[in-house]
Amino acid sequence: MRKFYITTPIYYVNANPHLGHAYTQIAVDALARYHKMLGEAVFFLTGTDEHGEKIEKACLKAGFEKGKEKEFVDAIVANFKNVWGALGIRYDGFIRTTDQSHKKVVQEFLEKMKDKGDIYRGEYDGWYCTPCETFWTDAQAENGVCPDCNRPVERIREKNYFFRMSKYQQWLIDHINANPEFVMPEYRKNEVLGFLREELNDLCISRPRERMSWGVELPFDRDYIVYVWFDALINYASGLKARKKFEEFWPADIHVIAKDILRHHAVYWPIMLKSVGMPMPKTIFAHGWWKIGKEKMSKSRGNIVDPVEMTGKYGVDPLRYFLLKTVAFGQDGSFSEDVLVTVYNSDLANDLGNLLNRTLTMVEKYFAGTSPAPPRAAGDEEQDRRSDVIRDAVRGLFPAISDRLLSPKLLLKEALEAIMQVVGKANKYIEASAPWEYSKAGNMEAIKLIIADLLEVLRAAAIALLPFMPSTARKMWEQLGLKEDMDTEAVRKEISGTKGPRDWRRFPPGTKTAKGEPLFPRIK
Ligand code: MSP
């Protein structure tokens, strides 16, 4: 059985999750669900990044004394888990960097690196951006601001431990060049190769305990705390180890992140793995940012959108659909509630919801609510031709989805487009076929053919939508009256189907349909 290991970043717990975090979760959830449907052994890891100066400060600011950090983070982690639950995120592991098992793995990594001769003591004299938890040189932090987030940096002069990243610079360049899917999309790979054109500095990987104590101790010097990014990246290994899944799932198939943390994932992380001799991830995929206007959505800018509030207003599946369908994965998007409403009304209410509704209304009207057996032919050549076109569209659907979702480009938007194209064609098919005219002319064979075709489209669309809109897919299935359990392997695996006779005429004739409430009532 093929294995598939996919991760999200572990989020800082200085505040509750916002729509930007929800986006990564939803995208990874859809991909993980898809791979599970294919019958692969899937592990989807997410979690929280709980150490470091930023969290320590947030904790003090929230009125928790030093030493009470764990109480503060526990409460926020509970909120993260609630939000993920509310968005239908089904992860297989949730790693917290405050877990004992994680700390142990971090220390093992450090010991190995030390034994390898990759860690040395020195003096750090440079800049630090606390919001990004990143060290910068004089040249990088020109004008006293962080080159990533533009916020003021702090000068730090302290004795510390360093990791010999420079030693591995050429190795990393060669690895990226030899593995074109290592950093995706391609424009991000070029960005990484861009940073690597300049000489890499060794990385400062500690903070003296008297300056910053909230974190994991260096195993070889208890006066020091591990640099929070070093601690955090190791979650991808410790998260599997804690669940005894390391042997089965290592290395990651895809680390999904956003572009703000590309350098940490595409430079620090591979070099850390190389130093300890562990196999490399196959792909690091950096998606874009949700912005409000031109500004990145972030807590510090105060422009965040609450995902739970959005789902309260529009529903979970419409939010999932909107986020994945309106922006190509990799690009930035500008969030607007007006656009969300427009997309909801056009794609979900008018196209998808309406197709189900119209079809089930016709099943009731012409066949007393029982699905007809498809005739061999409609007794009308033009209608037969139209039917063939729909058949080909349905047969092409699952292959189109696998082309898109199995592509290293992670074409989530395009996969949803493929589904919506078939839905759109089916709506046009109703207009072009005009079953009401056949009814007047008394050609019931033609009507049977049309309805059987439409039910076939809806059945395939429900399966195809499962990774993206799981509860909508189930509601469609129920209203179609399908008796097979959607969760059986036989049904779920249809999604891996190739174009062929087996992908057509799967809707059982004689099925009692169960038209219900409209899936997506129009929003005014
Ligand atoms: N703790 C680090 C990651 C460590 S991973 C080993 C961190 N945390 S974070 O809370 O700042 O989350 C960053 C991630 O949240 C981004 O990489 C992205 O996945 C998601 N996003 C946060 N804001 C976002 C947007 N405005 N838009 C899209 N994704 C966003 O960095």
Practice task
Anything in the chain that counts as a DSSP H helix reaching 18 Å or more along its axis (C-alpha) with Kyte-Doolittle mean of at least 1.0? List them, would you?
Solution key: 444-465
Practice task
Can you work out the PRE-style zone for residue 121? Point 7 Å along Cα to Cβ, and I want the residues of region 220-240 with backbone N under 18 Å.
Solution key: 220-227
Exercise for the section: Assign unit charges at the C-beta atoms only (+1 for Lys and Arg, -1 for Asp and Glu), then state the dipole size of the chain relative to its Cα centre in Debye, rounded to the nearest 20. Expected result: 720
Handout entry: Built amide H within the under 5 Å cut-off of residue 183, gap 5+
Key = 284
Practice task
Of the listed pairs 36/294; 413/493; 259/409, which have alpha-carbon separations greater than 26 Å here?
Solution key: 36/294
Handout entry: Net charge of neighbours whose Cβ lies under 10 Å from the Cβ of residue 332, counting Lys and Arg as +1 and Asp and Glu as -1
Key = +4
Problem - Normalised contact order of the chain, rounded percent, pairs of Cα under 8 Å and 6 or more residues apart - result: 16
Fill in the blank from the handout: For region 336-494, averaging the sequence separation of alpha carbon pairs under 8 Å that lie six or more residues apart and dividing by its residue count, the contact order in percent is 27
Problem - For region 387-524, size of Cβ-based charge dipole, Lys and Arg +1, Asp and Glu -1, in debye - result: 200
Handout entry: Estimated 222 nm signal from helices in the chain, with DSSP H stretches of n ≥ 4 weighted -39500 (n - 2.57), rounded to 500
Key = -14000 deg cm²/dmol
Handout entry: 12 Å beta-carbon shell around residue 295, net charge (K/R +1, D/E -1)
Key = +3
Fill in the blank from the handout: Other residues with Cβ under 10 Å from the Cβ of residue 130 give, with Lys and Arg +1 and Asp and Glu -1, a net charge of -1
Problem - Relative contact order (%) - criterion: Cα under 8 Å, at least six apart; region: region 180-245 - result: 21
Completion exercise
Taking placed amide H atoms and a strict 5 Å upper bound, the residues 5 or more places from residue 42 or on another chain that come that close are 4
Handout entry: Dipole of region 336-494, positive direction: furthest Cα of 336, 401, 371, with charges on the beta-carbon
Key = 371
Practice task
Pick out, from 102, 220, 171, the residue whose Cα sits farthest towards the positive end of the charge dipole of the chain, with +1 on the Cβ of Lys and Arg and -1 on the Cβ of Asp and Glu.
Solution key: 102
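Read-outs: derived from the displayed coordinates by stated rules, not from any lab. Values in this document were obtained by computation on a predicted structure and should not be read as measured data. When we count neighbours, we look across all protein chains shown, and the Cβ atoms used for this are built from the backbone with ideal geometry, even at glycine.
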